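Chemist: What follows is a single structure, and I will ask about it in a moment.
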Amino acid sequence: MTLFRRLHRLLRRHRVDEEMRAEMRAHVELESQRLQREGIGASQARARAEREFGNLAQWQQRAREQSGAAWLEHWQRDFQQAARLLVKAPLLSLVIVLSLAVGIGANAVIFSWLRGVVFRPIPGVSEASKLVLIEPRNDAGAYPGASWAEYRDLRAALPAVQDLIAFRMLPLDYGPPGHEERAFAQLVSGNYFSGLGVPPEIGRLLRENEAAVPGGMPVVVISHEFWVNRFAASPDVIGKEIQLNARTLTVVGVAPEGFRGTVIGLTFDLWIPATMSSVLLAGPSEFDQREARNYSLLARPAPGAEAPRLQADVTGAMATLARRFPASNVGVTADVLPFWKSPRGAGRFLFSGLAVLQVFMTLVLVVVCANAANLLLARAQSRRREVGVRLALGARPRHILRLFLAEALFLGFLAAVLGSLLAEWGTEALRAVPLPGAFPFRFETELSVAGLVLSGTLGVVCALAFGLAPAIRSARTDSHLALRAAKDNGGRTRGRGALVALENGLALLVLVIAALFMRSFLESRTDDPGFRVSGVLLGQYDLSGRKYDRAAGLALLSDLLGRLNAVPGIESAAVASRVPLDFHAMPSAGFTIDGAARSDGGKDRALAYAVTPGYLELMGIPLVAGSDFVPLTDSRRGPQVIVNEEFVRRYLATGTPVGRRIVVGPASYEVAGVARNALYETFGERPKPVMYFSYRDWYSPMGQIHVRTRAAESLASSDLRRTVQGVNPEIILYDVRTMTEHVEKNLFFRRIPARLFGILGPLVLVLAATGVYAVVAYSVARRTTEIGIRMALGATRGRVVRQIVSESLAPVWLGIVPAWLIAVVIMIHANHGVLVLSILLGVPALLLAVVGLAAWLPARRAAGVDPVVALRAE
């Protein structure tokens, strides 16, 4: 068949060329005769005419230009006529344009946000999408970060890497003593800016040698926003000295506007050589401690280095480190990840959520298109006589096709314009959302040219999607039958039935996804996290750089907790290095069980953080075995650790856990007790092993004060601040908030899609009901005579209504049943194999109830017609 088609096209093209040649020769002859009449010789006239009209290619080009001009003129006229016709149906046009605009706008917003995360993950850095992360991964599947020693080793061992950059996040106190404010910095390697290819706004950026010697170069680069807000964009900032953690650093440069650092979703004020960490934190140097995995590694691959080669080089280098340093590197490999897959920062929350939202929005848009197609098909059915008149007056089927497509494209154009405006408003609204906590979160989203192009493309694609079927059906109208029939019979068509089935099937899938998200979000707010939430006040302090060594810091903690426990409105007080359900991941530590070392020489890992005695009781986390830590001032007992039930299940299942010894680093800790499991990093997580260490044995200069109050938490905030100031006026409390507020902040990235689903779910229901209502309304309007005859012959009103509704819901069932089976698969995958019957049964029941009502209303109205009036109208 393909060969015959090709021969047919060749013969047709040959026939067209012969016709053009004949027309061309006729024009040559006429032009030659005209020139001869003007007195030009026959041979010269013939030559000039052939030069003018004798080239077939030129003739074809001229014909194409004339054809193109005519084509544009026809489309212009069709668009004008389409606009007039759509104005005559304002309700239908408004429903299609508004629903399509919402779908286009929402897709453009999510697409722009997703594009920014994937293709522009580091604002201000060219070709940022080519940068990759080298993330060490332990045998538990966690990404603990890299040590500075590993960074040095990998930088020398990876020939496929052009630049390897190290960085970590560090909050600091900025300003002179007594007037500090919180600033957020990154400790970076000396090649940080040169490896990223970032130029300075003014001054210079960091140099390689400034991060070579621990504590060597007290210099800092500030951000453009920090420069504008703190120094009024003064060029004299270069060379100024600023106070950070009570240490003096010199400003050497300003980063360019738009550059905010290298953690997705966070914006930083300062960049400091990593070798200044021991000075700023007034603690031991981390540069030779391979267990101190604080850094992220960002690589720019060498030209021509593909991802498989880079991964092979990294795997080989990590295997070498495991052989050389088994204590810290056995069981640790590394993955090469795109930057947007970073396990740290907001990126780990954003991408998966945005991807689900994009799929959801696409399904919503398909539902909108199916609904619009149904409406236009029903309207096209009522315009059969109009189409028949046009055909009888000489219009060709292609003219009808073009007219109906022009109407659809006009609707698509209006929806694209309105959708772009909604998308611009949506991106502005996202940037204006108050972000949670003291962390410098920032939404990097803007409606770029790509977003506008997407809006326009979606408008055209959707217009063709919902306009093609009505246009083709109308173009195939038989003018004789259309003019002969006073009315069409309004019978069902396979096209409309298929669209109803598609629309309702997709609506069911969208509603199931929305219900799953809403259920997950609501459960997160009501589930027991394993610790008390109400009645707890939190406040963060930082003693880094304040000349508090371990002994002085413990003495201050003992004094502070003693004073807080003596305050009448405070029931108890404790300190922890971390707060559960925070945005940043909990730290982990490698360990071995004394007397049960692994055969490969490696270490197991568990979440680990330090707490003071009384913390577990304050948080309502019961001890199921053993006892709490000894007081901070007790120096007689050796190092202690409390583990949770999951830790016991995995690593201490045999024997009594209390009294066993766990080796972490150079120290051996006695298991003092076993605590009940709780949530630590996020809602819905599976049980994780945890080790609680005492501040006495695992001292940290930073901490979160936990205060359990007898009255409202807000009333205790002044007592907390006053008590801290009484211990040391130089200590500043940051991010004072209640535990309830803290937990709510963890739900921030769940709340946005949940609210979106809460809005779009009812919209999808309305769209499904609108589609069914339109089809049934147009159908029964054309079947007035049939209904009148049936009722005149004795059919009851209820029977007519039931038949119309059952006929209308038949295609709905055809769409819902397969969609329900797909929803079961989605739920099994997304809900860890658990089927939620309330959603699987409730969502289809709700959808059927809504579309059933949409079919019943026009059916009931049609069944109320007087048979005599119906027959007389016919």
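The values are calculated or read from the model by the stated rules, or taken from the named source; none is laboratory data. As the structure is a computational prediction, the values presented were derived from the model and not from experiment. Positions of Cβ are backbone-derived with ideal geometry, glycine not excepted, and every protein chain shown enters the neighbour counts. Keep in mind that these areas ignore ligands, DNA and RNA; they rest on the heavy atoms of the full protein, side chains included. Shrake-Rupley method; radii C 1.70, N 1.55, O 1.52, S 1.80 Å.
Chemist: Taking the conditions exactly as written (at pLDDT below 90, over 36 Å from the mean Cα position of the chain (by Cα) and closer than 21 Å to Ser147 by Cα), does Val279 satisfy them or not? Before you say what the answer is, go through the steps one by one.
Modeler: On the way: at pLDDT below 90: yes; over 36 Å from the mean Cα position of the chain (by Cα): yes; closer than 21 Å to Ser147 by Cα: yes.
So Val279 fits the description; yes.
Chemist: Looking only at residues in region 601-657 that are part of a helix (DSSP H, G or I) and basic (Lys, Arg), which one is surrounded by the most Cβ atoms within 10 Å (Cβ to Cβ)?
Modeler: Of region 601-657, the ones part of a helix (DSSP H, G or I) are 615-619, 645-651.
Of the ones still in play, those that are also basic (Lys, Arg) are 649-650.
Working: Arg649: 12, Arg650: 15.
Among them, the one singled out is Arg650.
Chemist: Going through region 582-599 one residue at a time, which ones are modelled with pLDDT of 85 or more and within 37 Å of the chain's Cα centre (by Cα)? Write out each step before concluding.
Modeler: Residues of region 582-599 modelled with pLDDT of 85 or more: 591-593.
If the condition is that a residue be modelled with pLDDT of 85 or more and within 37 Å of the chain's Cα centre (by Cα), then Phe591 is the only one that fits.
Chemist: Right, here's the next one. Where the second residue is surrounded by fewer than 22 Cβ atoms within 10 Å (Cβ to Cβ) and the first is over 19 Å from Gly761 (Cα atoms) and lies in region 87-107, which pairs have Cβ atoms under 6 Å and are six or more apart or on separate chains?
Modeler: Ser93/Leu86
Chemist: Any residue in region 434-456 that is over 24 Å from the mean Cα position of the chain (by Cα) and either assigned to a helix (DSSP H, G or I) or at pLDDT 80 or above (or both)? Lay out the reasoning, then the answer.
Modeler: Initially, region 434-456 is screened for residues over 24 Å from the mean Cα position of the chain (by Cα), giving none.
Scanning region 434-456, I find no residue that is over 24 Å from the mean Cα position of the chain (by Cα) and either assigned to a helix (DSSP H, G or I) or at pLDDT 80 or above (or both), so the answer is no.
Chemist: Still on this model: Of Asn245, Asn191, Asn209, Asn229, which residue is out of contact with any strand residue (DSSP E or B) (no Cβ under 9 Å at 6 or more places or on another chain) and closer than 27 Å to Gly145 by Cβ?
Modeler: Within the list Asn245, Asn191, Asn209, Asn229, the selection yields Asn209.
Chemist: Of the numbered conditions (1) open to solvent by less than 20 Å² (accessible area, probe 1.4 Å); (2) free of Cβ contacts under 8 Å to residues at least 60 places away in the same chain; (3) closer than 30 Å to Phe360 by Cα, Pro753 fails exactly one; give the number of that condition.
Modeler: The number of the failed condition is (2).
Chemist: Considering only residues that are closer than 26 Å to Leu172 by Cβ and surrounded by 19 or more Cβ atoms within 10 Å (Cβ to Cβ), which ones fall in region 701-716? Before you say what the answer is, go through the steps one by one.
Modeler: Going through region 701-716, the residues closer than 26 Å to Leu172 by Cβ turn out to be 701-707.
Answer for region 701-716, where residues must be closer than 26 Å to Leu172 by Cβ and surrounded by 19 or more Cβ atoms within 10 Å (Cβ to Cβ): Pro701, Gly703, Gln704, Ile705, His706, Val707.
Chemist: While we're on this one: Consider Gly726 carefully, then state whether it is open to solvent by 20 Å² or more (accessible area, probe 1.4 Å) and either part of a helix (DSSP H, G or I) or basic (Lys, Arg) (or both).
Modeler: Yes.
Chemist: Sticking with this structure for a sec: Go through the residues of region 100-118 one by one and say whether even a single one is in contact with a strand residue (DSSP E or B) (Cβ under 9 Å, 6 or more places away or on another chain) and closer than 24 Å to Asn294 by Cβ. I'd like the intermediate steps shown before the answer.
Modeler: From region 100-118, those in contact with a strand residue (DSSP E or B) (Cβ under 9 Å, 6 or more places away or on another chain) are 118; that's our starting set.
Imposing the further condition that a residue be closer than 24 Å to Asn294 by Cβ reduces the set to none.
No, because not a single residue in region 100-118 is in contact with a strand residue (DSSP E or B) (Cβ under 9 Å, 6 or more places away or on another chain) and closer than 24 Å to Asn294 by Cβ.
Chemist: Scanning for something within 26 Å of the chain's Cα centre (by Cα), touching a residue at least 60 places away in the same chain (Cβ under 8 Å), more than 17 Å from Val367 (Cα to Cα) and not in a helix (DSSP H, G or I), does region 815-838 turn up at least one residue?
Modeler: yes
Chemist: Now a separate question. Return the residues of region 245-275 that are open to solvent by 10 Å² or more (accessible area, probe 1.4 Å) and closer than 8 Å to Ser223 by Cα; say none if nothing qualifies.
Modeler: Pro256, Glu257, Arg260, Asp269
Chemist: Separate question: Being modelled with pLDDT under 80, small (Gly, Ala, Ser) and out of contact with any helix residue (DSSP H, G or I) (no Cβ under 8 Å at 6 or more places or on another chain): is that true of Gly141 here? Reasoning before the result, please.
Modeler: On the way: modelled with pLDDT under 80: yes; small (Gly, Ala, Ser): yes; out of contact with any helix residue (DSSP H, G or I) (no Cβ under 8 Å at 6 or more places or on another chain): yes.
Here the answer is yes, as Gly141 does meet what is asked.
Chemist: Now a separate question. Quick check on Phe287: is it open to solvent by less than 40 Å² (accessible area, probe 1.4 Å), closer than 30 Å to Val330 by Cβ and in contact with a Pro (Cβ under 8 Å, 6 or more places away or on another chain)?
Modeler: On the way: open to solvent by less than 40 Å² (accessible area, probe 1.4 Å): yes; closer than 30 Å to Val330 by Cβ: yes; in contact with a Pro (Cβ under 8 Å, 6 or more places away or on another chain): yes.
Against the criterion (open to solvent by less than 40 Å² (accessible area, probe 1.4 Å), closer than 30 Å to Val330 by Cβ and in contact with a Pro (Cβ under 8 Å, 6 or more places away or on another chain)), Phe287 qualifies.
Chemist: Follow-up. Suppose the filter is more than 30 Å from Pro159 (Cβ to Cβ) and of a type in the set (Val, Ile, Thr); does Thr248 pass it?
Modeler: Details: more than 30 Å from Pro159 (Cβ to Cβ): yes; of a type in the set (Val, Ile, Thr): yes.
Answer is yes for this residue.
Chemist: Report the residue count in region 234-249 for those that are at pLDDT below 90 and at positive phi.
Modeler: Of the residues in that region, 2 qualify.
Chemist: I've got another one for you. Of everything in region 658-677, what is assigned to a loop (DSSP other than H, G, I, E, B), modelled with pLDDT under 90 and within 41 Å of the chain's Cα centre (by Cα)? Give them in sequence order.
Modeler: Answer for region 658-677, where residues must be assigned to a loop (DSSP other than H, G, I, E, B), modelled with pLDDT under 90 and within 41 Å of the chain's Cα centre (by Cα): just Gly665.
Chemist: Still on this structure: Within region 146-162, can one find any residue that is open to solvent by less than 10 Å² (accessible area, probe 1.4 Å), modelled with pLDDT of 90 or more and under 17 Å from Arg230 (Cα atoms)?
Modeler: Checked against the condition, which is being open to solvent by less than 10 Å² (accessible area, probe 1.4 Å), modelled with pLDDT of 90 or more and under 17 Å from Arg230 (Cα atoms), region 146-162 yields no hits at all.
Chemist: Is there any pair with a first residue in region 549-562 that is under 14 Å from Gly703 (Cα atoms) and a second that is of a type in the set (S, T, N, Q) and open to solvent by 60 Å² or more (accessible area, probe 1.4 Å) whose Cβ atoms are under 8 Å apart and which are 6 or more apart or on different chains, and what are they?
Modeler: Leu554/Thr633; Ser558/Thr633
Chemist: Being modelled with pLDDT of 80 or more and either basic (Lys, Arg) or crowded, with 20+ Cβ neighbours inside 10 Å (or both) is the requirement here; does Val817 meet it? Quick ask: steps written out before the conclusion?
Modeler: Working: modelled with pLDDT of 80 or more: yes; either basic (Lys, Arg) or crowded, with 20+ Cβ neighbours inside 10 Å (or both): no.
Judged against the criteria, Val817 is not a match.
Chemist: Every residue in region 175-185 that is more than 23 Å from Ser296 (Cβ to Cβ) and either of a type in the set (Asp, Glu) or part of a strand (DSSP E or B) (or both), please.
Modeler: First pass over region 175-185, keeping only residues more than 23 Å from Ser296 (Cβ to Cβ): 175-181.
Glu180, Glu181 - these are the residues of region 175-185 that are more than 23 Å from Ser296 (Cβ to Cβ) and either of a type in the set (Asp, Glu) or part of a strand (DSSP E or B) (or both).
Chemist: Within the set of pairs 6+ apart or on separate chains, which have a first residue in region 198-216 that is modelled with pLDDT of 90 or more, a second that is outside any loop (DSSP other than H, G, I, E, B) and open to solvent by 20 Å² or more (accessible area, probe 1.4 Å), and C-beta atoms under 7 Å apart?
Modeler: Hits for this filter: Glu201/His224; Ile202/Pro235.
Chemist: Now, a different point. Got a sec? Which of Phe531, Phe521 is surrounded by 14 or more Cβ atoms within 10 Å (Cβ to Cβ) and in a loop (DSSP other than H, G, I, E, B)?
Modeler: Of Phe531, Phe521, the one residue that is surrounded by 14 or more Cβ atoms within 10 Å (Cβ to Cβ) and in a loop (DSSP other than H, G, I, E, B) is Phe531.
Chemist: Would you confirm, using the coordinates I've provided, whether Pro622 is under 25 Å from Leu554 (Cβ atoms) and modelled with pLDDT of 90 or more? Write out each step before concluding.
Modeler: Values: under 25 Å from Leu554 (Cβ atoms): no; modelled with pLDDT of 90 or more: yes.
When the stated conditions are applied, Pro622 does not pass them.
Chemist: Still on this structure, please answer the following. Provide a single number: the residues in region 115-154 that are assigned to a helix (DSSP H, G or I), without any contact (Cβ under 8 Å) to a residue 12 or more places away in the chain and more than 27 Å from Val254 (Cβ to Cβ).
Modeler: Going through region 115-154 one residue at a time, the tally reaches 1.
Chemist: Residue check: is Ser544 in a loop (DSSP other than H, G, I, E, B), open to solvent by 20 Å² or more (accessible area, probe 1.4 Å) and among the hydroxyl-bearing types (Ser, Thr, Tyr)? Reasoning before the result, please.
Modeler: Numbers: in a loop (DSSP other than H, G, I, E, B): yes; open to solvent by 20 Å² or more (accessible area, probe 1.4 Å): no; among the hydroxyl-bearing types (Ser, Thr, Tyr): yes.
No: the conditions fail for Ser544.
Chemist: Scan region 393-409 and report the pairs whose first residue is within 20 Å of Val460 (Cβ to Cβ) and open to solvent by less than 60 Å² (accessible area, probe 1.4 Å) and whose second residue is part of a helix (DSSP H, G or I) and among the hydroxyl-bearing types (Ser, Thr, Tyr), with Cβ atoms within less than 6 Å and a gap of 6+ or a chain change.
Modeler: These pairs meet every condition: Phe404/Ser474.
Chemist: OK, next. Considering each of Val221, Val237 in turn, give the residue that is buried (at least 22 other Cβ atoms within 10 Å of the Cβ), over 30 Å from Leu354 (Cα atoms) and among the β-branched types (Val, Ile, Thr).
Modeler: Details: Val237 fails: buried (at least 22 other Cβ atoms within 10 Å of the Cβ).
Only one candidate passes the filter, namely Val221.
Chemist: Taking the condition of being crowded, with 20+ Cβ neighbours inside 10 Å and outside any strand (DSSP E or B), how many residues in region 678-699 meet it? Working first, answer last.
Modeler: So in region 678-699, the residues crowded, with 20+ Cβ neighbours inside 10 Å come out as 678-680, 688-696, 698-699.
Adding the requirement that they be outside any strand (DSSP E or B) leaves 678-680, 688-689, 695-696, 698-699.
Final tally of qualifying residues: 9.
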